[in-house]
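Enquirer: Have a look at this one.
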């Protein structure tokens, strides 16, 4: 199976270490009919495997590649601020801490390194996974981060204690996605087995398993304001789950496999990325008497045709306008 690249929006990571960064800011209430051409530059000496944009400033990004390096960039510049060498194998995943002062990077050899960006050096090397580390996520405000690996395990690491404090098992294949909830109480793991597991950090045990997808889970995103999570998969679907009832609220079908997703900070739009398209959907959620009502309207599509939504056995073309569904 080809190794998937892990990227935030808006990016693509072609072979030979190049990156393409969209210049226009989206979503826009009046988006351009033709998006501006992307900025493309050489980011690594070989394939770019992962990219993360800093959420605090939205002005920096970090990349990891097959050249075993972690590079830090100012968005819009084609020369890295830092190029950090020290990994012994390809860098598979990267992420910032909430202050954008530290980067954690996971490698194909199973190790994780914490990089101090001010000092430009490794402050900690952590071992424990038996195979490639393919997903990492920092706790939204604590000194913790989560990692997922091809060894089928999810681990929680305490930076202060300098080690792993929990190992969560249960996936049949590699853990391709790890994500903390906005309140920091849960961590969600998505696997190449198509399953979603929600773990209670306080109790240290499984809270709920969602039989989410027929293909590998590639992306998960918590809504910033509602008890709702979106999950994306190589099976070409984006699914929306009510985190109070754990019911499936809605399913959107894409033309090709979903590679990445992102809610806007306000939660009023969802970005979805596939191998062919970048789309922005206007997002409205109404909640009354434990019934969800969702309205999604396309705001921006970078290329190609519209996706469809499957609702109660019907297939609805998005060109028909906003669709209201009740779960």
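Enquirer: For a quick check of your reading: which strands (runs of 3 or more DSSP E) sit entirely within the stretch 71-125 and have at least 2 residues that are in contact (Cβ under 8 Å) with a residue 60 or more places away in the chain and under 19 Å from the mean Cα position of the chain (by Cα)?
Expert: In the stretch 71-125, the matching strands (runs of 3 or more DSSP E) lie at 91-96.
Enquirer: Under 17 Å from the mean Cα position of the chain (by Cα) and at pLDDT 90 or above, is that true of residue 258?
Expert: Taking the combined requirement at face value, the residue satisfies it.
Enquirer: In this structure, does residue 48 turn out to be at pLDDT 95 or above and surrounded by 20 or more Cβ atoms within 10 Å (Cβ to Cβ)?
Expert: The answer is no for residue 48.
Enquirer: So, of the residues in the stretch 193-220 that are in a loop (DSSP other than H, G, I, E, B) and either under 14 Å from the mean Cα position of the chain (by Cα) or without any contact (Cβ under 8 Å) to a residue 12 or more places away in the chain (or both), which turns out to be surrounded by the fewest Cβ atoms within 10 Å (Cβ to Cβ)?
Expert: Per the criteria, the residue is 203.
Enquirer: Please go through the stretch 174-192 and give me each residue that is more than 12 Å from residue 148 (Cα to Cα) and assigned to a strand (DSSP E or B), ordered by number.
Expert: Within the stretch 174-192, 180, 186 qualify.
Enquirer: In the stretch 263-282, what residues are assigned to a strand (DSSP E or B) and surrounded by fewer than 19 Cβ atoms within 10 Å (Cβ to Cβ)?
Expert: 282
Enquirer: Further question: Take the residues in the stretch 181-192 that are under 15 Å from the mean Cα position of the chain (by Cα) and surrounded by fewer than 23 Cβ atoms within 10 Å (Cβ to Cβ); name whichever of them is nearest to residue 92 (Cα to Cα).
Expert: Only one residue tops the list, namely 181.
The values are calculated or read from the model by the stated rules, or taken from the named source; none is laboratory data. In this text the structure is predicted, and so the values were computed from the model without any measurement. FYI the Cβ positions are ideal-geometry reconstructions off the backbone, even for glycines, and counts take in every protein chain you see.
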